[in-house]
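Asker: Pasting a structure here, questions to come.
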Amino acid sequence: MKVLIISNGEIKNYEFYKAFVRDYDIIICADGGANHAYNMGLKPAIIIGDLDSIEKKVLDFYEKEGVKIQKYPSMKDETDTQLAMLKAVELGAKEITFIGVIGERFDHSYANLSLLLYLLNRNIKGKIVNEKNDIYLTNKHIEIEGKKGELLSLLPYSREVKGIYTKGLFYGLSGEGMDLEMPYGISNVFTEDKAYIDIEAGLLLVIKPRE
C-alpha cells in the first residue's frame, strides 16, 4: 500500500504536486497539512494531530465529507507528522511519501529526516518530496531514476559511510567511504537514465535536486 502524508510545511506550487498526489492508495494529513489537501482538491482518509494549524473552514468541510479526524492533545511527545507516519505504518504501508515536511523551520525540516530512518529500519520505502528535491535514505542499495545531466547528491547521515559503489553517475565511486565531517558527494551528475548506489555500511542520504 502506498501512502501520501501531507504536512503543514512549505508548499508553494500546488500544480507541481497535482501531477502525482493521486497515485497513492491513502492520503493522511498531519494537522495543517489538511489545508494543503483542501487547496489541491484532495480528500484525505485521515486527519491527525492536535488540530492547532488546520483552518476551521477546512476542518468543517472534511468533517462533513466524513473524513476520519483523530485529535491529540497539544502536550505530546510526537509531532503531528510523526503521528501521521505511525498511523500509516499501523495501516500496513509499504511505501510512504511525505510532502509539506520541509520549510522555513529548519528544526522541523531536519527532524523530519528521521522519518526516513524510522521507515528504513522497518523495510518500508520512504521519500520526502518538495518542489526542489526528492530525498531518500539508504543503508544498502537504492536505484534512482533521472535523466542525463540531472544532479544527484550523496551525503552521509551517519558518522561514516563505508564502501560506496555507484553506476550511472559521472563521478563514480568504487568502494570509497565518506565522512560526516567532510562530505564530497554534492552535485554528482546522471550519465544514464538511472543511478545505482550500493553501500557496505552506514547511512547515506540520496538527494535529487531540481534546479
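Asker: Can you tell me what share of the DSSP beta bridges in the chain is antiparallel? A percent to the nearest 5 is fine. Display every interim value, and only then the final one.
Answerer: Details: 29 of 50 bridges.
Within the chain, antiparallel bridges account for around 60 percent of the total.
Asker: Here is a follow-up. First measure r as the distance between the Cβ atoms of residue 25 and residue 184, then evaluate 1/(1 + (r/R0)^6) with R0 = 41 Å and state the FRET efficiency to the nearest 0.05.
Answerer: The pair residue 25/residue 184 has a calculated efficiency of 0.60.
Asker: What nm value, rounded to one decimal, do you get for the distance between residue 174 and residue 145 when each label is placed 7 Å out toward the C-beta?
Answerer: For the pair residue 174/residue 145, the computed spacing is 3.0 nm.
Asker: Still on this structure, I have one more. State the three equivalent ellipsoid semi-axes of the stretch 20-66, derived from the C-alpha gyration tensor as the square roots of 5 times its eigenvalues, in descending order and whole Å. Write down the numbers at each step before the final one.
Answerer: Working: eigenvalues 55, 24, 19 Å².
Calculated on Cα positions only, the semi-axes equal 17, 11, 10 Å.
Asker: On to the next question. Return the equivalent ellipsoid semi-axes of the stretch 141-209 as a descending list in whole Å, where each equals the square root of 5 times an eigenvalue of the C-alpha gyration tensor.
Answerer: Values: eigenvalues 73, 27, 18 Å².
Semi-axes (√(5λ), whole Å): 19, 12, 10.
Asker: Relative contact order of the chain, please, whole-number percent, based on alpha carbon pairs below 8 angstrom and at least 6 residues apart. Each step should come with its number before you reach the end.
Answerer: Numbers: 472 pairs, mean separation 39.2, N = 211.
Averaging sequence separation for qualifying contacts and normalising by length gives 19 percent for the chain.
Asker: Which of the trypsin sites (Lys or Arg not before Pro) found in the stretch 87-125 are loop residues per DSSP with 14 or fewer other Cβ atoms within 10 Å of their Cβ?
Answerer: Qualifying residues, ordered by number: 94, 105, 122.
Asker: Any idea how far apart residue 111 and residue 10 come out in nm if each label point goes 7 Å out from Cα toward Cβ?
Answerer: Computed distance between label sites residue 111 and residue 10 equals 1.8 nm.
Asker: Now for a different question. I'm spelling it out carefully: the read-out is percent of Cα pairs over 26 Å apart, the candidates are [x] 37; [y] 28; [z] 34, and one was derived from this structure. Which label?
Answerer: Only one listed value fits the structure, namely [x].
Asker: Turning to a different aspect of this structure: For the pair residue 65 and residue 132, what calculated FRET efficiency results from E = 1/(1 + (r/R0)^6), where r is the Cβ-Cβ distance and R0 = 45 Å, to the nearest 0.05? Could you put the intermediate results ahead of the total?
Answerer: Values: r = 32 Å, r/R0 = 0.70.
Calculated value: 0.90.
Asker: While we're looking at this one, here's another question. Nearest 10 degrees, 0 to 90: what angle lies between the long axis of helix 80-90 and the longest principal axis of the chain (Cα atoms)?
Answerer: 80
Only the coordinates and a few stated rules stand behind these numbers; no lab work does. Since this is a predicted model, take the numbers as computed values, not measurements. Heads up, the Cβs are rebuilt from the backbone with ideal geometry, glycines too, and the neighbour counts pull from every protein chain shown.
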